[in-house]
Structure formats: C-alpha cells, structure tokens
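The values are calculated or read from the model by the stated rules, or taken from the named source; none is laboratory data. If you're wondering where the values come from, they're calculated on a predicted model, not measured in any experiment. For neighbour counting, all protein chains shown are included, and Cβ atoms are generated from backbone atoms with ideal geometry for every residue, glycine included.
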C-alpha cells in the first residue's frame, strides 16, 4: 500500500521564529532591487525593524514611516537623503492612504457591498501610481523594499495593485499573538458604545471598522470574541447610518450566539430604518419578529417592548402597540417616551381621555417634553 501525502499543515499559522529567520535570510541574500511584503501589526512591525537592524549590520537599513496619506510613493522615495546608499528600506504606515480612500467611497454614496469589498471599481491613487511606475522602481532604485502592513493593507495590494504585488520576492506573516489579540479585542469591546461612535468623525469610524475586521480575521480569534466584535461592527455601521452593513453584522453575531438579545434588538432597529416608505411595512414586520426573538430571551427588555410598540403603531396595529407600551412602562415606570407614544396610539384610536392621561404621565416625568404638551 502506498503512502498518500497530504497538506496536513497548510492551514497552520507560521511559527514566528521560523518566519523571522526566513525573512532575515531573504534580506541577507537579496542584492539590489527587491519587494517584500510583511503582514503584521504596527507594534510588531517596529519590533521586527529593531530586531533586523540589530542582526544585519553589513547593510544600510533605513525606515520610511508614512504619517499621512500619500498619492505618489515613488516621489517620496526619490527625495530620501542618501537613497543611493540604502540597501534595505522598511516602509510603514502606507495603510493610512487606504483609510482615506475608504472614507472617500462613502462620500460618493457607494453601496455597502462596494465599500467593504476589494473590488476593481476604483483604486487608491497611491496603488494606481505603484502599478504604473513599477518599472521605474526596478530601474532606478537599487533597494530591497519591505512593506509592513496589516492584513487589510495586504489585501489591498493583492486586489488593487497586482502588477506591483506580483513582483514580490517574498511574503511573510506575523499574526498577532494570543495574549495581544485578547487584550486588543477586550479593549475594543469594553470601550465601544453606540453613543461614543456617534460622536466620532466618519473617518475615525472607518478606521475602527477596519481594525475590528482585522481582529476578527486573526487566526487565534475565538467564536465568542468574534460575536462581540461583529456586534461592535454593527454599532459602528449603525452610527454611520449604513443599516444594510449593520444588519449583516448583527446576523453574523446571531449565527454564533442565537441568544444575544441585544443583537436581536439592534437588528430590529436596523430593519426598521431600512427601505423606502413603500417597503417600510415589510421592514417593520421583520423588525417586530427580531424584537420578539429578543424578548423571548429577555422578557424584561423594556427598550425592545418600546421599539416593538413603535413598529406596531406604524403598521396601524394600535391595540397591540398599546399593549407593548404597557409592558415597557410596567418594567420602567418612568419611561416617558413610552408614555408619550402610548398616548399617540390611544389618540389614533380616538380614546382621547386615555391619551391625555398618558401624556400627563410623560410630562410628569419630563416636564420639558414639549411634544407631549
């Protein structure tokens, strides 16, 4: 019987020390022009630079740290002092040019599927420039270039600068270690909130979305952490008023954690905000189904009862809406918004005395609730 060989280890992450030694050997052997791509976090990148500089002493190693977005990398390198004497040039921060480009897609109203994909619909100026000038890089720079990028940046090169990327002499991966991954994931989850994201600029939200996508894609990420990170993505997309992207994120949360009641609730909110008016009835019905899921898990979730009441009111199902508001104020008696909307539903049914009583409750709790007055 013949022995059948299999690629049993093809999905295993690379051993950091083996990967580092492979990188060092490539740098030592490369004489003249070369392109290397290293996937790593910014902090890991700085660590690698320091380590290589200490180990390879017979070559002139320099670092180009890009602090701001650039459109023409060739010109930046051409202006470097003593560039003719540089053997190895580490380049960090190029992903900042991609962040700016990601934000520009929103400003011209791209669809969510285009915003979050690596399509050829358009190309960041810096990558277009690299595609066009790769011959000049090889002819004019006797340098081994080492691009240090997160996974997001590597994907950009693969999909949007293939002419340049295909010239690479090698690619190396240094995934975030388990401890650092847990710390960063915990920070994002603990510090994030919808109210906080609303106060951010669109560009800041875009950066955080990309950062979270990186954390989700890491090899060591646990399903539980993924569900929490997807929830943060949903909140960020919600703050951007990108309800389709929010809905996709909440669905991914629920695929991992079907009992995540906040995700069911937020999914209902996203559905309620989606669609043109003529499509709204269907969306409200879907939203009610999501809130019902949330309430089946957490019956005392007053916000879900409240939102359910609003959706039922929009569908003209006023009696059911009032019943939902009753549930909300039974759990939280000082829920002035629920008392106010309960009054509207009663008013729509022509039950004016009861409506006035609900409005009185609202203004007793919040005297400056001018709509209730």
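Restricting attention to the stretch 39-69, the residues that are under 21 Å from the mean Cα position of the chain (by Cα) and at pLDDT 90 or above add up to 1.
A search for C-beta distances below 9 Å between a residue of the stretch 229-257 that is assigned by TED's automatic domain parsing to the domain that holds residue 211 and on the phi > 0 side of the Ramachandran plot and any residue that is at pLDDT below 90 and outside any loop (DSSP other than H, G, I, E, B), counting only pairs 6+ apart in sequence or on different chains, returns 241/273. Of the residues in the stretch 78-88, not one is modelled with pLDDT of 90 or more and either under 26 Å from the mean Cα position of the chain (by Cα) or under 14 Å from residue 174 (Cβ atoms) (or both).
Considering (1) on the phi < 0 side of the Ramachandran plot; (2) surrounded by 15 or more Cβ atoms within 10 Å (Cβ to Cβ); (3) at pLDDT 85 or above, the lone condition that residue 155 does not fulfil carries the number (3). The lone criterion from (1) free of Cβ contacts under 8 Å to residues at least 12 places away in the same chain; (2) surrounded by fewer than 14 Cβ atoms within 10 Å (Cβ to Cβ); (3) over 19 Å from residue 45 (Cβ atoms) left unmet by residue 179 is number (3).
Table: residues versus (1) modelled with pLDDT of 85 or more; (2) over 13 Å from residue 210 (Cα atoms); (3) assigned to a helix (DSSP H, G or I); (4) under 16 Å from the mean Cα position of the chain (by Cα).
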{"residue": "106", "(1), (2), (3), (4)": "no, yes, yes, yes"}
{"residue": "113", "(1), (2), (3), (4)": "no, yes, yes, yes"}
{"residue": "123", "(1), (2), (3), (4)": "no, yes, no, no"}
{"residue": "136", "(1), (2), (3), (4)": "yes, yes, yes, no"}
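Scan the stretch 138-165 for residues that are without any contact (Cβ under 8 Å) to a residue 60 or more places away in the chain and not in a helix (DSSP H, G or I) and the total you get is 1. You will find that of 321, 296, the residue that is more than 28 Å from the chain's Cα centre (by Cα), surrounded by 16 or more Cβ atoms within 10 Å (Cβ to Cβ) and at pLDDT 85 or above is 321 and no other. Restricting attention to the stretch 43-72, the residues being touching a helix residue (DSSP H, G or I) at 6+ places or on another chain (Cβ under 6 Å) and in contact (Cβ under 8 Å) with a residue 40 or more places away in the chain number 4.
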